[in-house]
Amino acid sequence: MDTSLVSPPASLTQDSRRLIVYVVWDKRGDVESYIPYALSALREHSTRIVVVVNGELSEQGRVALAPVCDEIVVRENIGFDIWGHKAGLDHVGDAISDFDEVVLTNDTWFGPVRPYGPVLERLGNTAVHFWGMTDHAREEPNPFTGEGVLHYHLQSFWIAVRREMFLTEAWRQYWRDLPAMPDYYDAVLKHETVFTEHFATQGFVHAAAFPAAEYPTDHPALFNADLLLADGCPLLKRRPFFHYPPFLDRHAVIGREILEMVDDLGYPMPLIWRDLARNVAPHTLNTDAAMLEILPDFEDRYDSSRPLRIAAVVNIVHPDMTGELLDRVACLPGDVDVFVTSNERRRADSIRAVLRDRGRDDIDVRVVPSKAGKHMSAFLIGCRDVIVDSRYDLVVKLHSKRSVTKSFNASRYFTRHQLDNLLSSPGYAANIIGLFQREPGLGVVFPPTIHTGVATMGSGWGSYRVRAESLAAELGIEVPIDEITPLAPFGGMWIARPEALAQLTERVWEYDDFAPSNEFPDVALGPTIERLVANAAGERGYHSRTVLNAEHAELSHTSLEFKLDQLSSTTPGYPVEQIQFLHRAGPTGHGGAIGLGRMYLQLNHPAVARAISPVYMAARRVVGGLRRVTGTNGDRG
């Protein structure tokens, strides 16, 4: 193209007309509440707003969008937001000439965290053909392909184009020839990273509202969100709260600090928490947003003028623990209704004797008719009426945890880890209740994954994942499943809003549901449900937090630090690089010749490794059979 034919860049005037094309995608067909908030604030800065929905749109979603836009276009979910923008431009058609600026944007950001006005006015006074909110520096080699160049580019979540560009044949040709984009990398490599270069080489002038050259990294939208907000950027990308946590750790992106800043700037935080709870795997969100609360044993965050109505549901199969569990419940602030379940009448009689000695004849003791499902069925069936009772703001679930499969020390610490980190003292318990007072979207609180005395890390799903995925689909839980270890109350104890458990309690469970399953004969239903508690809460828009008291935080961090140090000692690089290396290598097995040979091929000759994989799996089965028969480690021998 002859660059001399390009009209000079122009600034906007006060009566300029702006078109917004905003693309939405939601796997449920819903519209998260942060989207109408963003569009409503854009109203005063735009003449026409067209929302393009990729995929389905629920009636709830249509009702949410209708007041904040002029038109809704629903299309097949192909081509990501790029082809959504094309659909929006096609929908507007020749009427695009009525506008002076077109903004192509999408639902990948929260805003306005800072006002739109100052940025739109500043860039409106700048003579350009097109501009972006943020940009990305040039990289060589291209990190997506490992070769070539990643060109400098404006980031596609917000591209504004002036009429001197969008009325040209070059513009029409670009969208007419837009390639297919079947996956995310196509959208990046075939559009986002070429759009700026494509039009710049034809003589069109561009600018970034917050250029990377003024920040300490090449990707400030991801790595320097706090600095962008401090400089007046109205948008906060969602990615820092769902990106791979070890990668963010490598770059010291502290999501908690960003969210605290957003809160201080006055953005309504429930909009963020609801969206992230519904759409991010719970363990990833818990890590990226640092949602572990280490609370003191002295009360410092409970509002006694706003007490919450609490029910404590306590399953006791070890009557000698009755006193300790009642002492824990007594730590809760205010009047607490207590319900005790047990699975044998003689145990219930022993529990009642303890209650009489303590003058607690007011406690409802229930004998559940089946041991199937243990404490989980006692909770969901034996006390269902309590959980769904609208009188209660919170339900506390405890049980007399003892393990016959762990060593004495491991079992003892496991129980203490659960009880101490929920109800270690009156002050501590009040502080947990204070979290619920301050955060209306907080749904569930429980201790973090225990790693002392047990080998939960790296195998938290165990054999439960397939059944958990099946159960989640059955219950309508679409929150992403954590990849390795779920964020879950592994001890079966938590504090929750009843509404956050509704995805579990709306189903009327029966004890037969907890009997051995023909489809999953070796996978118990109770622990499967336990691993889905955070996901179930997230489906209803409630987020989860983990909690530790100071003592267990000290014990956990020192132990975890040493273990991580030891595990990292044999593999070079940052943790994210070590993890990626080990994931490429695959399972180590028991370190024998077969396992190590497979790892070598996986790392150095992946095509060969794929080809011999069936042979390797057959060899593993033979070795496993040898080990079971002989009691030796056949992989070594």
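Here are some notes:
Residue-by-condition table, conditions (1) of a type in the set (K, R); (2) outside any helix (DSSP H, G or I); (3) in the same structural domain as G146 (by TED's automatic domain parsing); (4) in contact with a Phe, Trp or Tyr (Cβ under 8 Å, 6 or more places away or on another chain):
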position: H191; (1), (2), (3), (4): no, no, yes, no
position: T196; (1), (2), (3), (4): no, no, yes, yes
position: L222; (1), (2), (3), (4): no, no, no, no
position: L229; (1), (2), (3), (4): no, no, no, no
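- Only one of E510, E478 that is touching a Lys or Arg at 6+ places or on another chain (Cβ under 7 Å), closer than 25 Å to R384 by Cα and not hydrophobic (A, V, I, L, M, F, W, C): E478
- Which listed residue is touching a Gly at 6+ places or on another chain (Cβ under 8 Å) and hydroxyl-bearing (S, T, Y), from S350, S342, S370, S377: S377
- Residues located in region 156-171, provided they are assigned to a helix (DSSP H, G or I) and of a type in the set (K, R): R163
- S411 being at pLDDT below 95, surrounded by 15 or more Cβ atoms within 10 Å (Cβ to Cβ) and in a loop (DSSP other than H, G, I, E, B): no
- Some residue of region 559-575 being in contact with a Lys or Arg (Cβ under 7 Å, 6 or more places away or on another chain), of a type in the set (V, I, T) and not assigned by TED's automatic domain parsing to the domain that holds P498: no
- Whether a residue is over 22 Å from V388 (Cβ atoms), surrounded by 18 or more Cβ atoms within 10 Å (Cβ to Cβ), hydrophobic (A, V, I, L, M, F, W, C) and in contact with a helix residue (DSSP H, G or I) (Cβ under 9 Å, 6 or more places away or on another chain) was assessed, and M291 passes this test.
- In region 31-72, the residues that are within 22 Å of R238 (Cα to Cα) and of a type in the set (S, T, Y): S33, Y34, Y37, S40
- L422 buried (at least 22 other Cβ atoms within 10 Å of the Cβ) and of a type in the set (A, V, I, L, M): yes
- Failed item in (1) under 30 Å from W509 (Cβ atoms); (2) not assigned by TED's automatic domain parsing to the domain that holds A410, with H543 passing the rest: (2)
- Test result for S342, free of Cβ contacts under 8 Å to residues at least 12 places away in the same chain and either among the hydroxyl-bearing types (S, T, Y) or crowded, with 22+ Cβ neighbours inside 10 Å (or both): no
- When R416, R438, R467, R507 are checked against the criterion of being buried (at least 18 other Cβ atoms within 10 Å of the Cβ), out of contact with any Pro (no Cβ under 7 Å at 6 or more places or on another chain) and basic (K, R), a single residue qualifies: R467.
The values are calculated or read from the model by the stated rules, or taken from the named source; none is laboratory data. Keep in mind that this is a model prediction, so the values were computed, not measured. Don't worry about glycine lacking a Cβ; one is built from the backbone with ideal geometry, like all the others, and counts go over all protein chains shown.
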